[in-house]
């Protein structure tokens with residue numbers, strides 16, 4: 001049903017005749033480039049880690065030879081989704097504690113379980129599980145924030161997913177960082193260790209919150225991030241209690257407290273941003289701070305509703321994330337998009353407050369910009385990294401297909417993703433993971449979970 | 001991880017040795033019977049259309065011969081889900097119009113499209129599409145409310161799904177009922193035509209709303225429903241505008257207006273029940289009126305948030321429904337359950353307001369009671385109809401499996417359903433539809449949709 005794209009998709013058409021490694025042909029392309037309508041019967045050539053040509057099957061009857069040709073008929077081809085905030089290894093605590101008051105959930109269940117059961121080994125296994133889940137559901141880039149991040153990187157590297165991996169910084173003893181006075185030393189060394197490791201991995205820092213990090217810690221974390229030109233993630237104004245804590249501590253609203261400390265930088269990634277006054281949103285916009293929306297976690301933990309519609313109207317750059325599996329309880333960005341749009345509508349009593357098209361941008365172009373990766377990923381364009389997914393729409397729940405954006409946001413789930421390519425490498429083909437030993441991962445996770453249940457019961 | 005059930009699941013163990021048609025073995029059984037914990041290594045025998053035996057593999061080493069033995073290891077076995085409110089044939093308008101103000105969506109898009117494109121043929125095809133979607137996602141009973149319902153029954157009958165099929169009643173010209181003065185004559189004849197047709201089909205009536213039906217129409221619809229001992233569906237207090245309309249018309253809050261008309265009957269099924277004062281909820285409870293919650297539709301149309309937590313605490317019987325695909329945009333009750341719990345939490349700022357276990361009951365036992373079918377379906381018990389589903393949990397997004405209820409509500413989607421049995425007949429086996437020609441249905445739907453786009457554009 002989608003119309004033939006009128007815009008020029010072909011920027012350059014180099015000597016592709018003999019050089020395509022992967023050709024995707026016949027699907028409807030959503031490039032996510034501003035102003036480009038869906039292009040039916042598209043062809044995309046990938047060479048190495050890059051997109052080298054975009055065209056139309058109607059005009060290219062004879063395609064060059066490729067190592068792999070993927071038929072995308074009856075499917076949508078789009079940029080891989082960007083999960084802009086996740087604590088991937090928390091898959092270990094998926095369903096471990098639900099439906100509890102926030103404080104009880106966090107202090108009686110999650111924190112003790114993390115203290116007891118997190119280790120380099122368990123984080124590695126849980127991050128593999130999360131990688132498998134994310135790749136299967138079309139996430140090609142994840143921004144992760146947690147502890148034992150060497151293990152997370154090891155897992156991500158094995159899985160082939162692209163990632164920003166941030167070492168957690170908190171002024172309390174934390175998993176792997178028993179002495180909080182060393183939290184930034186650990187952080188800086190973490191960055192130095194991984195910054196040149198791989199094109200796919202961007203290390204970084206994640207400050208837990210304005211109430212669990214001191215002013216000095218926050219400033220130093222930003223200094224380190226600026227030294228390396230890296231994004232700094234921060235949970236900001238997630239709960240009312242947190243906001244009250246900041247106001248008590250500083251006498252200021254959280255965003256103005258950040259302003260006073262000089263931390264409102266375009267590399268700051270403010271995660272959640274739920275309880276925010278309009279003047280705070282305006283200031284974030286002015287400073288080009290990035291925001292990540294995590295609606296399902298905000299709903300499940302009863303944190304509140306972020307003013308996403310207002311943020312977008314102001315021009316703030318908003319990405320979208322699943323948060324950890326302990327508060328979601330999955331890493332499916334399709335369902336997260338659906339919730340983002342619907343929650344915005346019902347909370348404002350305005351069905352026009354957040355459109356499917358805008359939500360798709362949050363999960364692609366804007367997510368890329370939030371992470372400072374917009375030159376590499378977020379759209380399907382010649383010269384960009386080949387991070388793209390193919391979504392099978394030949395299913396009862398996705399037909400009729402009047403509007404690709406509507407189908408993707410309101411009807412699709414991660415299970416509709418058929419193929420996933422990251423950095424020119426096929427990670428999922430016909431719904432099968434190519435690079436990971438899924439049965440082994442599931443088995444390893446079950447063994448750890450059995451221990452967690454046993455030790456918690458005893 | 002689930003514990004061995006302590007309660008007795010075996011009510012009677014008749015001469016099953018040579019008489020089981022289907023045996024399900026090895027999964028974890030959630031019977032949804034009050035007080036029964038999950039039973040691991042379960043066996044369920046089905047004979048004809050009934051469940052005849054429930055036991056444990058540990059105690060039954062030698063199983064009788066069966067026509068079909070289904071291995072449910074690594075899966076959950078539970079009652080089929082009950083979609084307590086749907087306009088199934090509206091799958092035709094899935095994604096046809098989104099992100100619009102409610103009035104514009106309804107009066108400029110949906111109503112004209114219905115008037116132009118609904119016919120016995122298109123409703124039949126669209127209801128087949130919806131049946132395929134529902135069966136694949138674990139719905140074994142649907143309560144449908146729409147027009148051209150002979151066609152809907154034909155489609156449901158072919159698909160094998162169990163259904164309450166209600167003829168729409170409205171005091172305006174409607175699809176298939178051009179003369180509103182005949183709406184109840186049409187309704188009564190519809191019931192008479194189908195009441196003895198099949199065990200699987202319950203005909204009935206659906207009054208569109210208190211503002212689109214006159215007092216006389218409402219009373220007569222209830223009389224007919226009582227004559228045949230059938231549920232009467234009614235959209236109630238879905239939007240603020242509707243509530244204001246009722247108050248203007250009657251001087252009363254909607255529930256008190258129903259009370260004045262003598263319509264608060266235990267067969268009344270009040271759908272949506274969004275804008276409701278506590279005294280209205282209390283009165284509904286007192287009269288044992290049933291409520292159906294449709295959170296995703298309420299969110300997407302920006303109607304408002306139903307006080308489900310309060311309703312359940314009062315003891316009101318609440319089922320859950322997807323509503324039509326034009327306002328959802330899918331018929332996946334797993335995602336609807338997830339939204340119900342999360343929306344309740346965030347709207348009350350109380351993470352304990354609606355538990356996963358309660359939401360599961362809404363989709364099974366309480367849904368059955370809402371439709372007057374609780375003696376036949378809603379739980380897995382000896383003597384009940386064999387309507388059950390098997391949910392594959394050997395997937396990254398469903399592990400670890402600390403709590404079956406949590407996994408089903410917060411992590412699963414319809415695509416995790418592996419097998420579906422309705423009335424003792426297998427409709428889905430290893431994710432393949434057995435009774436429906438899916439490629440033909442998808443093709444037929446595309447042809448109709450092409451016409452809709454063409455005629456709308458012209």
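The values are calculated or read from the model by the stated rules, or taken from the named source; none is laboratory data. Note that the coordinates shown come from a computational prediction; the quantities given were computed from them, not determined experimentally. Methodologically, a virtual Cβ is constructed for each residue, glycine included, from the backbone with ideal geometry; neighbour enumeration extends over all protein chains shown.
Worth a mention:
- Residue A:113 vs. criteria closer than 19 Å to residue A:328 by Cβ and crowded, with 20+ Cβ neighbours inside 10 Å: no
- Failed criterion for residue A:380 (all others in (1) buried (at least 17 other Cβ atoms within 10 Å of the Cβ); (2) farther than 25 Å from residue A:20 by Cα hold): (2)
- Test result for residue B:414, in contact with a helix residue (DSSP H, G or I) (Cβ under 8 Å, 6 or more places away or on another chain) and more than 12 Å from chain A (Cβ to nearest Cβ): no
- Flag if residue B:237 is out of contact with any helix residue (DSSP H, G or I) (no Cβ under 9 Å at 6 or more places or on another chain) and more than 13 Å from residue B:165 (Cα to Cα): no
- Filtered residue count, segment A:317-353, keeping only those that are surrounded by 24 or more Cβ atoms within 10 Å (Cβ to Cβ) and part of a loop (DSSP other than H, G, I, E, B): 10
- Under the condition of being more than 12 Å from chain B (Cβ to nearest Cβ) and more than 14 Å from the chain's Cα centre (by Cα), the residues counted in segment A:100-144 number 14.
- Segment A:357-366, subset within 16 Å of residue A:36 (Cβ to Cβ) and touching a helix residue (DSSP H, G or I) at 6+ places or on another chain (Cβ under 8 Å), residue surrounded by the most Cβ atoms within 10 Å (Cβ to Cβ): A:360
- Tallying residues that are assigned to a helix (DSSP H, G or I) and either over 17 Å from the mean Cα position of the chain (by Cα) or under 16 Å from residue A:241 (Cα atoms) (or both) within segment A:287-296 yields 0.
- Criterion: free of Cβ contacts under 8 Å to residues at least 60 places away in the same chain and over 30 Å from residue B:107 (Cα atoms) - qualifying residue of B:258, B:263, B:268, B:283: B:283
- Scan of segment B:430-458 for residues that are at pLDDT 95 or above, more than 10 Å from chain A (Cβ to nearest Cβ) and either in contact with a strand residue (DSSP E or B) (Cβ under 8 Å, 6 or more places away or on another chain) or closer than 23 Å to residue B:199 by Cβ (or both), ordered by number: B:430, B:431, B:434
- If you filter segment B:383-407 down to residues that are crowded, with 24+ Cβ neighbours inside 10 Å and under 15 Å from residue A:413 (Cα atoms), you find that the one that is farthest from the other protein chains (Cβ to nearest Cβ) is B:398.
- Among (1) at pLDDT 95 or above; (2) part of a loop (DSSP other than H, G, I, E, B), the one test that residue A:9 misses: (1)
For (1) surrounded by fewer than 16 Cβ atoms within 10 Å (Cβ to Cβ); (2) within 14 Å of another protein chain (Cβ to nearest Cβ); (3) modelled with pLDDT of 95 or more; (4) touching a strand residue (DSSP E or B) at 6+ places or on another chain (Cβ under 9 Å), each residue gets a yes or a no:
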{"position": "B:46", "(1), (2), (3), (4)": "no, no, yes, yes"}
{"position": "B:50", "(1), (2), (3), (4)": "no, no, yes, yes"}
{"position": "B:53", "(1), (2), (3), (4)": "no, no, yes, yes"}
{"position": "B:63", "(1), (2), (3), (4)": "no, no, no, yes"}
{"position": "B:70", "(1), (2), (3), (4)": "no, no, yes, yes"}
{"position": "B:82", "(1), (2), (3), (4)": "no, no, yes, yes"}
{"position": "B:89", "(1), (2), (3), (4)": "no, yes, yes, yes"}
{"position": "B:95", "(1), (2), (3), (4)": "no, yes, yes, no"}
{"position": "B:98", "(1), (2), (3), (4)": "no, yes, yes, no"}
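- Residue, surrounded by the fewest Cβ atoms within 10 Å (Cβ to Cβ), within segment A:305-316, restricted to residues that are more than 7 Å from every other protein chain (Cβ to nearest Cβ) and outside any helix (DSSP H, G or I): A:315
- Filtering B:360, B:371, B:427 for residues that are under 18 Å from the mean Cα position of the chain (by Cα), more than 9 Å from every other protein chain (Cβ to nearest Cβ) and under 25 Å from residue A:452 (Cβ atoms) leaves a single hit, B:360.
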